[in-house]
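The values are calculated or read from the model by the stated rules, or taken from the named source; none is laboratory data. Note that the structure is predicted; figures quoted are calculated from it, not measured. In this analysis, Cβ positions are derived from the backbone assuming ideal geometry, glycine residues included, and neighbour counts consider all displayed protein chains.
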Amino acid sequence: MQEAMIKRAKELLADGTVNRVIGWKKGEFFYDATPAVFRTAEELDRQFIFDDFTQANVSKYLVKESRKDGKILAFLKPCDTYSFNQLVKEHRIIRENVYVVGVPGGPKLDIEKIKAKGITGVLSVKNENYTLKIETLYGTEEMPFYEAISGKCESCKSKKHVAYDELIGEDGEVLESNRFDMVEKLENMTAEERFNFWQNELSKCIRCNACRNVCPACTCENCVFDNPKSGVDNKAPADSFEEKMFHIIRAFHVAGRCTDCGECSRVCPQNIPLHLLNRKFIKDINSLYGEYQAGADTTTKAPLNDYNTDDCEPSIVHERGVE
Amino acid sequence: MQVNENFEPVIVAFCCNWCSYAGADLSGTNRLNYPANVKIIRVPCSCRVNPMFILRAFQKGADGVIICGCHPGDCHYTSGNYFTRRRITLLYSMLDFLGIERNRTRLEWVSAAEGAKFADVMNQFTEDVRKLGKNRRLEDLRCRKQ
Amino acid sequence: MQRIGVFVCHCGTNIAATVDVKAVAEALSHEQGVVISQDYQYMCSESGQDLIKNAVKEHKLTGVVVCSCSPRMHENTFRKAAASAGLNPYLVEIANIREQCSWIHKDIASATDKAIILGKAAVAKVNLNTPLTAGESPVVKRALVIGGGIAGIQTALDIAEAGFDVDIVEKEPTIGGKMAQIDKTFPTLDCAACILTPKMVEAAQNEHITIHSFSEVSAVKGFVGNFTVTIKKKARFVDETKCTGCGLCTEKCPMKKVPNEFNMGLDNRTAVYIPFAQAVPKVATIDPNYCLMLKNGKCGVCSKVCSVGAIDYKQTDKFIEQKYGAIVVATGFNPIKLDKYDEFAYSYCPDVVTSLELERLMNAAGPNGGTLLRPSDKTHPHTIVFVQCVGSRCDDSKGKQYCSKICCMYTAKHAMLIREKYPDTEVYVFYIDVRTPGKNFDEFYRRAVEQYNVHYIKGMVGKVSPKADGKIDVQASDLLSNEQLHINADMVVLATAIEPDKSARPLATMLTTQMDTNDFFTEAHPKLRPVESATAGIFLSGACQGPKDIPETVAQASAAAAKAIGLLCKNSITCNPCVAHSNELMCNGCSACEKVCPYGAITYQDKEFRMPDRTTAIRRVASVNPAVCQGCGACTVACPSGAMDLNGFSNSQIMAEVDAICK
């Protein structure tokens, strides 16, 4: 796949369709796949990678890239195309300036899950018939493929590209996913259990802002948390409003816009399951206002910018489930 | 749950200028009592209430927050309260999801003619919040575990 | 550096009796930015206002907080006072310590505490207020009157008299409304048609008045001075411009069994019809529910007999759009449905009628040509029982809680007219109270009792039972003599409660005006602004605001016209400066605000910006048209970046209030 992508990228650079390519390159370690922009065939040959670790969603970079001169080629996995569409819908990405090549999605691998097995000094990982052959400094190890797949791929919602100019490989289908299972499990707990769960999780937060910085819905020119006039900016971290409410406000700001790409939880250094907050909003929106998948198209009105005269009352929250 | 007889909850009520604020005035004109715990903030429309205001109130020590607007269909600005309804439903649902007591949040439609309803709602809401006691969970949410 | 003045009003004892005003003034004097804090007996009085004006000048105030009654009452008063002393009027904030404090709390300590907190919130807010300048927007010199009854006609005539164009939209085929159905009017007993129909003709002939009959308002956009209204002209299947009103089609129409709504269904009309002889416009209308041609495609008689070719079976609803500066609502009333009142046998006994049906039975143009006959057997009734308050002043859900106001007087009128015309008829009136305030009203009622010997009995009718011999047994109690009565009556007349027309509720939604729980339109102030709605540019005329008799309706109609004329006289009006504005540096151009704006006030432009890294970038940013924005604030919450904010109710102002209250 990687070769096919490099070949096509070179062609598109050569015929002038695009003047840049956004994809992934290796970081410090081979599994640190980082989004990168390539300008020449030579750069592509030297650095471009596409493997089991190229998880990052590059859509967000197109907010800035699509405003530069010339067209850019973007390789998008199915989940990334939802974010892409959502950003096009919000006029954040200029569609005409991007040439989208759809590429197959995951499941991608999470190095942390491999390390969690006590496997260290990893040099390379190969998938052979859904068994991972792991070369390490200390010898070869094996583990089942499915035990190492990334959290965001475990509950994949779609293998279908919702936006592309061309595809490499076959397109897939929207999947029946189990992504709301954990939300449901929490909903069925008592309020106190839920509170304890979240207190436990959110107290780990170090406010590194990684979730915000990676989130394709968080593309504000000036984030409210950085704006001294917003009343929620970070003035005195010891006891600021923002620290307490950061995640609620962030989740609310992306409600109805979050495509559930899972990047927030993927990048969280403290492993806080932040995606559960977003999924709670998605689940509520689906059940209260009708099925809605952000980014599925570029025209449907976002549920929070829309209404029905017979929408339910907020008291529904107070009436359902356990307290 | 701690029961403190002397506990006086702090309650913030956001009222839209056209219906609920006028309804609150009417309950004053008719001398209909409700607890002094309730402090009203006037907003042009219930749709002006940013979830950040609600969270801010809780963080600064409010024990209950109630939003009042025109009845659906009666919004002075045609559609404002319909947006309010969705936003606030989702926000309250999220607070519930985080384990915050449900009775600390409420949304009521009170028209300019419903002075009696305004007083009833405030009496009821204050009682509900009083029963819950001091709001600890929202203030605590991020706090390091003790 | 802020220099804020705080003024605490006693409002006589209204505030001072429950709130320690001196303590409030003292507590607020320590708040941030406060340089002077005083209390005074009546802040709204001239000397109270002078206190503010002098303080503004003397202390060079940058903000004023008045702790007093509701801002809905005197915000404008204090803003004007500040403005006259040279302070921007939007640097004034009110802490409502009367309606929302002293009047609802009894305990002085807690009321004082609360007043201090409300004052602190206002001070916190005013610290962040910015001077605002109101813009101007032009006024379209044309008025719309919705409803063509006596209220609408009078309003339209008065507005036209002042030289402004005015359109009447009437949902029925003719204007005239309920008054056209009435026989005589109290307390003068002059003929309703004789005083109404000349006004109808005058409206039709006035060059400034356009009548859209058989039409409805289907959409309203815009705001005071600049409403855009879509009017649906319902298909009447007759070309209004051609029809001469000769009536030949109505004579020849073979479908003659259509209940005649003008006569309350007491007789029949044809499928093509003119509601009554003096209808305006005098144009035929085809009822598609009964017309054989429209239903089955077979007939076409009217088309054949029409000499001017006015019949058009293919006509469809038409929509016209028109701009107006002012809108007057005159949608009137209807008697309530009596299907929940089985005890009065209305649904199955034809000789139990409503008062409005009696009007038609007694009207010379009515089904019996003015002779009062029982609907069942067309015989002359000798004993008639009137039942008052049917559905009015009800505690249960069947009827209305309010007094319908007009029933006492029209019943006295009916009783008197019957006794005058048919002295051999006994007339009984069962009442709870007789209410006759009004010029010459009580004298009128007394004449009915004393001169015409109408039997007024204080008491309730329990049951009305038709008997086999055609008579009606009326079982009632006489509360004064405390005995049960049975009256062997020939007819029973129910003084039915009145309610707002059903079209009022959806109209209120379109006009964004408020209604009370009974669907009567709510006036801006019950005493001081009785003909204005709280929505600027929308005025109220007649019974749509509450039950009214004809003289009151006409008085209010003229008052509403005067208010509308006052608006139309202006070339432009001052806009509310509390509108949204977008901070272009923070705007994402995401269109969320645009999608929630009910007024279409937000547009986008591509603008070039210098970025922090010294490059320039073209960004899509929102801008708000301040003349169109009404200041609801929906956009401010839809905006994820907080670029959109609202003048007068900014994020930081509201947060400051929240902080002050929660501290």
Filter the stretch A:183-207 for residues that are of a type in the set (Val, Ile, Thr) and either facing another protein chain (nearest Cβ under 7 Å) or surrounded by fewer than 19 Cβ atoms within 10 Å (Cβ to Cβ) (or both); the one that is nearest to A:Lys280 (Cα to Cα) is A:Thr190
Take C:Leu91 and tell me if it is crowded, with 18+ Cβ neighbours inside 10 Å, closer than 21 Å to C:Leu118 by Cα and hydrophobic (A, V, I, L, M, F, W, C). yes
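Within the bounds of the stretch C:556-563, is there any residue that is closer than 17 Å to B:Met52 by Cβ, part of a helix (DSSP H, G or I), within 35 Å of the chain's Cα centre (by Cα) and in contact (Cβ under 8 Å) with a residue 24 or more places away in the chain?
No, because not a single residue in the stretch C:556-563 is closer than 17 Å to B:Met52 by Cβ, part of a helix (DSSP H, G or I), within 35 Å of the chain's Cα centre (by Cα) and in contact (Cβ under 8 Å) with a residue 24 or more places away in the chain.
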Of the residues in the stretch B:56-71, those that are part of a loop (DSSP other than H, G, I, E, B), farther than 19 Å from B:Glu8 by Cβ and at the interface with another protein chain (Cβ under 8 Å from one of its Cβ atoms) come to B:Cys70
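Could you tell me which residue of the stretch C:94-103 is surrounded by the fewest Cβ atoms within 10 Å (Cβ to Cβ), considering only residues that are hydrophobic (A, V, I, L, M, F, W, C) and part of a strand (DSSP E or B)?
Selected residue: C:Ile94.
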Of the listed residues (C:Ile159, C:Ile153), the one being β-branched (Val, Ile, Thr), more than 14 Å from chain B (Cβ to nearest Cβ), in a helix (DSSP H, G or I) and touching a strand residue (DSSP E or B) at 6+ places or on another chain (Cβ under 6 Å) is C:Ile159
The one condition B:Ser27 fails out of (1) more than 16 Å from the chain's Cα centre (by Cα); (2) more than 7 Å from every other protein chain (Cβ to nearest Cβ) is (2)
The residue from A:Tyr82, A:Tyr31, A:Tyr61, A:Tyr99 that alone is farther than 18 Å from A:Arg266 by Cβ and in contact (Cβ under 8 Å) with a residue 24 or more places away in the chain is A:Tyr99
Among C:Val492, C:Val449, the single one that is part of a strand (DSSP E or B), within 30 Å of C:Ile550 (Cα to Cα) and in the same structural domain as C:Tyr422 (by TED's automatic domain parsing) is C:Val492
Of the candidates A:Val224, A:Val214, the one satisfying the condition of being free of Cβ contacts under 8 Å to residues at least 40 places away in the same chain, surrounded by 15 or more Cβ atoms within 10 Å (Cβ to Cβ), in the same structural domain as A:Lys283 (by TED's automatic domain parsing) and of a type in the set (Val, Ile, Thr) is A:Val224
Counting only residues in the stretch B:33-55 that are at the interface with chain C (Cβ under 8 Å from one of its Cβ atoms) and in a helix (DSSP H, G or I), the one modelled with the lowest pLDDT is identified as B:Met52
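Hey, among B:Thr89, B:Thr78, B:Thr84, which residue is of a type in the set (S, T, N, Q), in a loop (DSSP other than H, G, I, E, B) and under 30 Å from C:Phe223 (Cβ atoms)?
One residue alone meets the criteria, B:Thr78.
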For the stretch C:162-186, the count of residues that are over 29 Å from C:Gly369 (Cβ atoms), in contact (Cβ under 8 Å) with a residue 60 or more places away in the chain and assigned to a strand (DSSP E or B) equals 2
In the stretch C:579-596, residues that are more than 7 Å from chain A (Cβ to nearest Cβ) and under 34 Å from the mean Cα position of the chain (by Cα) total 5
For the stretch C:504-555, the count of residues that are of a type outside the set (A, V, I, L, M, F, W, C) and in a loop (DSSP other than H, G, I, E, B) equals 18
A careful count of residues in the stretch C:244-259 that are outside any helix (DSSP H, G or I) and either among the small types (Gly, Ala, Ser) or in contact with a helix residue (DSSP H, G or I) (Cβ under 9 Å, 6 or more places away or on another chain) (or both) gives 5
Picking from C:Ser481, C:Ser503, the residue that is touching a residue at least 60 places away in the same chain (Cβ under 8 Å) and among the polar types (S, T, N, Q) would be C:Ser503
Among residues of the stretch A:282-300 being under 21 Å from A:Cys215 (Cα atoms) and touching a helix residue (DSSP H, G or I) at 6+ places or on another chain (Cβ under 6 Å), the residue nearest to the other protein chains (Cβ to nearest Cβ) is A:Asp284
Expected single match for out of contact with any His (no Cβ under 6 Å at 6 or more places or on another chain), modelled with pLDDT under 90 and surrounded by fewer than 20 Cβ atoms within 10 Å (Cβ to Cβ) among B:Asp120, B:Asp140, B:Asp128, B:Asp74 is B:Asp140
A careful count of residues in the stretch B:14-24 that are more than 7 Å from every other protein chain (Cβ to nearest Cβ), more than 14 Å from the chain's Cα centre (by Cα) and in a helix (DSSP H, G or I) gives 1
If you go through C:Lys114, C:Lys106, C:Lys80, the only one that is in a loop (DSSP other than H, G, I, E, B) and either at pLDDT below 95 or in contact with a helix residue (DSSP H, G or I) (Cβ under 9 Å, 6 or more places away or on another chain) (or both) is C:Lys106
Filtering the stretch B:86-118 down to residues that are in contact with an Asp or Glu (Cβ under 7 Å, 6 or more places away or on another chain), touching a residue at least 12 places away in the same chain (Cβ under 8 Å) and either more than 7 Å from chain A (Cβ to nearest Cβ) or closer than 25 Å to A:Asn305 by Cβ (or both) yields B:Asn103, B:Arg104, B:Ser111, B:Ala113
